[in-house]
Structure formats: C-alpha cells, structure tokens
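Asks: Take this structure, written in structure tokens, and hold onto it; I'll ask about it next.
The values are calculated or read from the model by the stated rules, or taken from the named source; none is laboratory data. Fair warning: this is a prediction, and the values are worked out from it, not measured in the lab. Every residue, glycine as well, gets a Cβ built from its backbone with ideal geometry; the counts of neighbours run over all protein chains shown. The area values use the complete protein model at the heavy-atom level, side chains included, leaving out ligands, DNA and RNA. Shrake-Rupley method; radii C 1.70, N 1.55, O 1.52, S 1.80 Å.
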Amino acid sequence: MKIKSLYISAQEKNAGTLFVTMGMMELLKRNIHRVAFFRPIIFSKDTKDGDITFILQKYDLDIPYEDAYGFDIQYVEKMIAANRTNELLNQLITQFKKLENEYDFVLCEGIRRSFLTTTINYDLNIKIAQNFASPYINIINAKNTTAQDIYENILIENENLLSEGCTHFATFVNRLSEETYVQLHEKLKDYELSTYLLKEVPELDLLSIEDVMEALDAKVLLLGEKDHTRVIREVRVGAMSLDNFLAHIQEDDLVIVPADRSDIVVGLFAALYSSAYPRISGIVFPFSMQTHPNIQKLIEGFKEYNIPILSVETDTYKTAKNIAKIHARLRINSDRKIALALGLFNESVDMQAIEEKIAKSVSHVMTPMMFEYQLFEKARLDKKRIVLPESFDERILRAAEIILRRGVAEIILLGKEDEVKTNYLLLGLDLSGATIVDHLSSEWMEEFAQTFYELRKHKGLSFEVAKDSMSHENYFATMMVYLGYADGMVSGAVHSTSETIRPALQIIKTKPGISVVSSVFFMCLQTKVLVYGDCAVNQDPDAQTLAQIALSSAQTAEAFGIEAKVAMLSYSTGESGFGADVEKVREATHILKQKAPHLLVEGPIQYDAAIDKKVAAKKLPNSKVAGEASVFIFPDLNTGNNTYKAVQRSSGAIAIGPILQGLNKPVNDLSRGCLVEDIVNTVAITAIQAGQ
C-alpha cells in the first residue's frame, strides 16, 4: 500500500518547521484531494496552537481544530512518568487512524524535543512516527554551524532513524549561509538520500508588529488595518536628544522610547513624512505610559501615514530584553513572508521527485501497537461473540472489561451470575455489558449433551459421559461455538493446552482438506511482525504434517495483513546439509510447493539467512524469501518453543499466541502465565478469525 502520511520534526528551535510543513502541504494539496493536519503533541491546550491554526486557515482544511492535535505536554509527561507510554501511544494511534481513515493523506508535525523534560531519554517524535507508520522528514537548523558539523549531523540523523526502523523520507537543512551552502553541496554530491538545502532568507526571521504585540501582551495605542504584518529589522532605544537620535534610525526600526520624550516621538513622525529619513516600523512606550493629550492630538492629525504605537508595562531595559527573546512566526496574514517562503521552498526542493516518492513509497513498518490497533479495528468492524469459560480468574475479568469498553467483541462469561458479579464488582470493574451463562443450570445442557453424544457415540461415548463432559467449562463453551451460540472461545488462563484443544478436536474438528491443528505466534518486533509456527502443539511433525503447518501459517499471516514469505527452517541452507532432519524439511518444502505453487517458499534455510539480508546475499543470493521471510516454520516443537521464548526474552518482542489454526471455528489457547493484554489480544484475534 502507498503511504498515506508523513511526519515532520526538528530537534532544534527556529529550524523552520512550519516553513517546511507549509511547503509540503502546498505540494500535497496540489495532488491529493483531502489532506488532514495533525500535531500529536502541542504545548498547551489553554491557548490555540499557532501552527495548527495557520495550516487549517491557510489551506482551508475541513478538519475541526480539536481533531488536529493529540495531547498537551503536561499530559504527555504525566503519562510517561507514570510508565504509561504504551497507553499514550495507543491513544495517539487511535486519533491518528481516525484521520487516516477519513482523509486521503495526513501530514503530521512533531514537537521540539527541547520542550519535553530531560527525563524522557528517547526521541518521542521518532517513536510516534514509528507507530503511525509515517515516513519521517527531519529538519536541521544550520544557522551558525559549519558544513562539516551539518554533514555529520545528517549522517547521524539518518543512521538514528534507520536504527529505529523508521522510513527516512527526506532531510531538510534550513537556514544555510551562502558559503556553507556551497561547501555542504559539495560534500553531499555523492549522497544518495533525499537531502534538500535551503539558504537563509533574513526577512523570514524578522519580527512583525504582531509578534511583538502577542509576545509582550502589548496594549495598542495606534494601529492601522495593515500594520500587524510590518516587519522589524532592528530595535533601538530612544535615549539621546532628538538631533543625535535621528542620525541612528534605519528603515523598519522598532523604537523603544518613554512617552514623555515628546521631542523624539514628534521627530519620528516628522521623519515619516520626510524623504530624507527612513521610515520606522513602530514605537513602544515602556512603563504603560501614554503621550500627552496635545501630542496625541497632533499624531491623530497625520492622515496619510502613521506609525503603530504600543504600550507595555515593563521598563525600557526589560522591554528591549524581552523583544530580543521573541521568535518570528509565519502568520496567516503575512502575505509577503508566505510568498517568500514558498518561493524559496520551490526553488530549493525537487518537487517532482517528492511527488513521485509519495506516489511510489511503501511503508513496511509494523510496530506492536500498530498491529494491536489493526487487530482491534478489524474486530470492532465485525463484532463477534466470544465466550470466556474461566470467569473465576481475575485476569479474564479485567480483559473482558477492556474488550467491552473498546467495543472489540461481545463477551459471554460462564459461571453463576451472582458469583461473577460479586467478583467483578469487588475488583471495581463494570461488566454489565457481558452476558453471563451458568452452564451447570443452563437450558442448553440437554441439547449440548445430546449433540456431543451423537458426535462421539461411534467412539463408544455414552450419553451419561457426554452430559458429564458438558459440565466442564471448556466442553460447554466449545459446544456453544459449534452450535452458533458463540462465535469463538478463548481459554487456557487456568486450564492446560490439552484441556482447551481436546474439546475442539472432538466437537469442532478441522477444516476440509486440513488434517492437523497447529499453532502460530505473532512475534511483534520493534518495526515488524513475524509469524512463528508451530511452537505449541505438534511435537515432531513428519514432512506431510510440516507442509500442512506451513500452509496454515501462511494463510493465517495473509488473513492478518502480513505478506507471507515462508522460511522452512533447518540447521543448513539450500543443498549444503544432509541428514534425516534436513531431508524432512526438504521434503516438506517440496510438498508445500506442490500444494501451493503461488506461495513464496524457501527451504531448508537457516534462521539467519531467512531474516538477515546480508547473510541471505551470501547464502541464497537469488532467493525471493531469504532475508525477507515473514513466516518461520520450525522443524519440531522443541526448536520452535525455545526459539520464540529466546526471541521474546532477549529482544523485548511481544509474543501474541499461541493462535490455533486449522479448526472449523476459532478456539484459542492462552498461556497460564498470560497477562491481561495477552488475553485482550487473543480475544481480538479470535473475533477476527470468526469473521473469516
């Protein structure tokens, strides 16, 4: 799929983030119908974010202001301090995905890292972009920096993004001096990645009257309709006598002068009407002073030209110091600055190359949160009824509440209604939306027992034993799925794997053409999701069974949006090894290719050759799977179970599973050491399987 978003971010202040955002928005709007703008983090909810306001107004985007941002810094830092970063990211993904689903493209703008406290020891923008699957545009502020330092910074930034698994879309180096521009251009002539150099344009960095008004909360004494956007080149303090001070004023100066210095005030207005002197941009009165009424009357009599006059509470020194700290902003009414900025952008950037890159780029990033979000979204769109027979377990109850609140599935709990209610109320949970079924006194008991008897009487099962079996939670829940009273079942938090699978094999049975029930784990690494099979069910499958496991695993991968590239694992690669174990994998690969000729399969292959492109280039240079495998089929349970646990514990990967495959209707097994989030994920997967 083509990318539907970009993420723009700068580490340093005054790097020109809004300038780049505006240039990219111009480009997007000319090619894409409906574009949204989103800032995951803003400085404060108490005041409107300038960049959001600017972009929404400038490009007339049909998106409410409230939908264009996630959270303010205070909330973000509180969540991170409480070790709730994953929850925060999940909330941001939900907001972002809402826009992504409603619009053709989402342009995101990050917040400067310096705005966040030093306790956050990682780049939050990169983590957010990662989870949005948004290719990353980084901006480097080149002002007062040598060409060598900038060049090294470009390389470091690129390496950092790649190491974090982000798709690096482009780097913009902004505010370059003429000399540094030439030197850096020479250094980058053989650099392959998209890097765009933008020269410093001093006017873009000049303050406007409105910048001063806003930053100093100044009172307006005199201001024309179009005076807001007047630029300020220098700030001068009127402390000399008028005859000396006039020699120092320059075009577009902002003059700080006490209002009782009537001589200087009148002299500045006189200079405005004189062709011999430059025109200043404005006057600031310190100490909240106002001019004498007679001087005010004189000023108001100047009809043709006028000078903006502001008043501030601070003294002259403090006022000058405060103005020095103000940073220029692009504003919706800054027509000249906007035209200048867009001209610079178009001149410096290969617009056609970027357009083609957006049209062709594909994002292969899949973080654990993105995968979980997709699970929840798929399940939510086709809500199914999932029965949880182990309602006496606290983790099951907590997971059930999350599922109900997120609207992932309808929940059926087995147990006595008063006992289940007492348990969840004691935990402070709300499971009023769940259906509670007392299987021991259920009106379905007779029907379930009779059905089970009919299914198993040829195996010597008596009706009494059938009825006794239905008193067991897992048998009763499995029969609910078989007869359509539920769409899927999840168990195993308390019961063993055999206690969960056996009823399914006896009642639901396998799909046509599939001879074996097997399992996979979704291994959610930092930026991709792999499928491991079989790591939980089949101890030592023969070649025929191994081929069936591989086919089922590939189908499961595809069903969950993972392109299936199957690696049939062994201790040797290609034709290099011999022995019974290798031959079993070689034969299984041959059987699989015959069963599914469309499938991309490689085997026998070692794990390193299957996952590492550099190793693959040496061992199997012409393979379409080596180095890019997404489905890993282990030769036996011992290898598979140990490998998934080793990867999980050593890499920090999230392992979701085991997920059973091959059954006519979905039943899934939990680990007895499962966490609440494991249960939630498994319920979502079961619901999706039920919809397929």
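Asks: Tell me which trypsin sites (Lys or Arg not before Pro) from the stretch 267-372 have a DSSP coil assignment and no more than 13 other beta carbons within 10 Å of their own.
Replies: Numbers: sites: R279, K297, K303, K318, K321, K325, R329, R331, R336, K337, K357, K360; in loops: R279, K303, K325, R329, R331.
Here the sparse-neighbourhood loop sites are K303, K325.
Asks: Given the -39500 (n - 2.57) contribution per DSSP H run of 4+ residues, what per-residue ellipticity at 222 nm results for the chain, rounded to the nearest 500 deg cm²/dmol? Kindly include the intermediate steps, with their values, before the conclusion.
Replies: Values: 27 runs with 305 residues, N = 692.
Mean residue ellipticity, 222 nm, calculated: -13500 deg cm²/dmol.
Asks: At L440 and A339, where each label point lies 7 Å from the Cα along Cα→Cβ, what is the point-to-point distance in nanometres?
Replies: Spacing of the two 7 Å Cα→Cβ label points: 8.4 nm.
Asks: Ok, one more. Which links in K29/K337; K29/K613; K45/K318 stretch past 26 Å when you go from one Cα to the other?
Replies: Numbers: K29/K337 20 Å; K29/K613 37 Å; K45/K318 28 Å.
Beyond 26 Å between Cα atoms: K29/K613; K45/K318.
Asks: Here is a further query. Along the Cα→Cβ direction, 7 angstrom out, place labels at E347 and Q57. What is the inter-label distance in nm?
Replies: Result for the modelled spin labels: 2.7 nm.
Asks: Another question, if that's okay. Quick one: with all protein chains in place, what share of the accessible area of the chain is carbon or sulfur, to the nearest percent (1.4 Å probe)?
Replies: Carbon and sulfur atoms account for 49 percent of the accessible area of the chain.
Asks: At 1.4 Å probe radius, can you tell me the per residue accessible area of the chain in Å²?
Replies: Details: 31390 Å² over 692 residues.
Spelled out: the 1.4 Å probe surface of the chain, per residue, equals 45 Å².
Asks: Given K199/K357; K2/K593; K4/K97; K565/K614; K528/K565, which pairs have Cα atoms separated by over 19 Å? Please list the in-between numbers first.
Replies: Details: K199/K357 24 Å; K2/K593 30 Å; K4/K97 11 Å; K565/K614 17 Å; K528/K565 13 Å.
Among K199/K357; K2/K593; K4/K97; K565/K614; K528/K565, the Cα-Cα distance tops 19 Å for K199/K357; K2/K593.
Asks: Give the calculated FRET efficiency between V465 and N664 to the nearest 0.05, with a Förster radius of 30 Å applied to their Cβ-Cβ distance. Don't jump to the answer; show the numbers that get you there.
Replies: Values: r = 23 Å, r/R0 = 0.77.
Step by step, r from the Cβ atoms, then E = 0.85.
Asks: Between N306 and D581, what is 0.36 nm times their sequence separation minus the Cα-Cα distance? Round to one decimal in nm.
Replies: Numbers: separation 275, 0.36 × 275 = 99.00 nm, distance 9.18 nm.
Full extension from N306 to D581 adds 89.8 nm.
Asks: Taking the Cα atoms only, what angle lies between the long axis of helix 417-426 and the longest principal axis of the chain, rounded to 10 degrees?
Replies: That works out to roughly 40 degrees.
Asks: Suppose the chain between L298 and N83 were pulled fully straight at 0.36 nm per residue; how much longer would it get relative to their current alpha carbon spacing?
Replies: Values: separation 215, 0.36 × 215 = 77.40 nm, distance 6.41 nm.
Additional length available on full extension: 71.0 nm.
Asks: Could you let me know the centre-to-centre spacing of the stretch 43-102 and the stretch 435-478, using Cα atoms, in angstrom?
Replies: That distance is 52 Å.
Asks: What residues of the stretch 594-622 lie in the reach of a label at S515, counting those whose backbone N is under 16 Å from a point 7 Å from the Cα along Cα→Cβ?
Replies: 594-596
Asks: Taking the Cα-to-Cβ direction at K98 and at D243 and moving 7 Å from each Cα, how far apart do the two end points lie in nm?
Replies: Rounded to a tenth, the inter-label distance reads 6.9 nm.
Asks: Under a Cβ-Cβ cut-off of 10 Å, what is the net charge of the residues other than E164 that fall near it, where Lys and Arg count +1 and Asp and Glu count -1? Before the final figure, lay out the partial values.
Replies: Values: positive: K127; negative: D123, E159.
Counting the neighbours of E164, the net charge comes to -1.
Asks: Does a label point 7 Å from the Cα of S288, set along Cα-to-beta-carbon, have any residues of the stretch 297-317 with amide nitrogen under 16 Å, and which are they?
Replies: 310-316
Asks: Compute the FRET efficiency between E447 and E499 as 1/(1 + (r/R0)^6), taking r as their Cβ-Cβ distance and R0 = 30 Å, and round to the nearest 0.05.
Replies: Values: r = 23 Å, r/R0 = 0.75.
With R0 = 30 Å, the Cβ-Cβ based efficiency is 0.85.
Asks: In whole angstrom, note down how far apart the Cα centers of the stretch 509-569 and the stretch 656-682 are.
Replies: The distance from the Cα centre of the stretch 509-569 to that of the stretch 656-682 comes to 14 Å.
Asks: Can you figure out the FRET efficiency of Q692 with K219, using R₀ = 56 Å and their beta-carbon distance, to the nearest 0.05?
Replies: Efficiency at R0 = 56 Å is approximately 0.25.
Asks: Between E178 and R30, what length comes free when the chain is fully extended (0.36 nm per residue of separation minus the Cα-Cα distance, one decimal in nm)?
Replies: Numbers: separation 148, 0.36 × 148 = 53.28 nm, distance 3.06 nm.
Gain on stretching E178 to R30: 50.2 nm.
Asks: By the scheme Lys and Arg +1, Asp and Glu -1, what is the net charge of all other residues having a beta-carbon under 11 Å from that of L99?
Replies: Summing Lys and Arg as +1 and Asp and Glu as -1 gives 0.
Asks: If Lys and Arg each add +1 and Asp and Glu each add -1, what is the summed charge of the other residues whose beta carbon sits under 11 Å from the beta carbon of K665?
Replies: Details: positive: K384, K509, K511; negative: D487.
Surrounding charge for K665 is +2.
Asks: Enter the Cα centre distance for the pair the stretch 183-227 and the stretch 572-595, rounded to the nearest angstrom.
Replies: With the stretch 183-227 and the stretch 572-595 each reduced to a Cα centre, they are spaced 64 Å.
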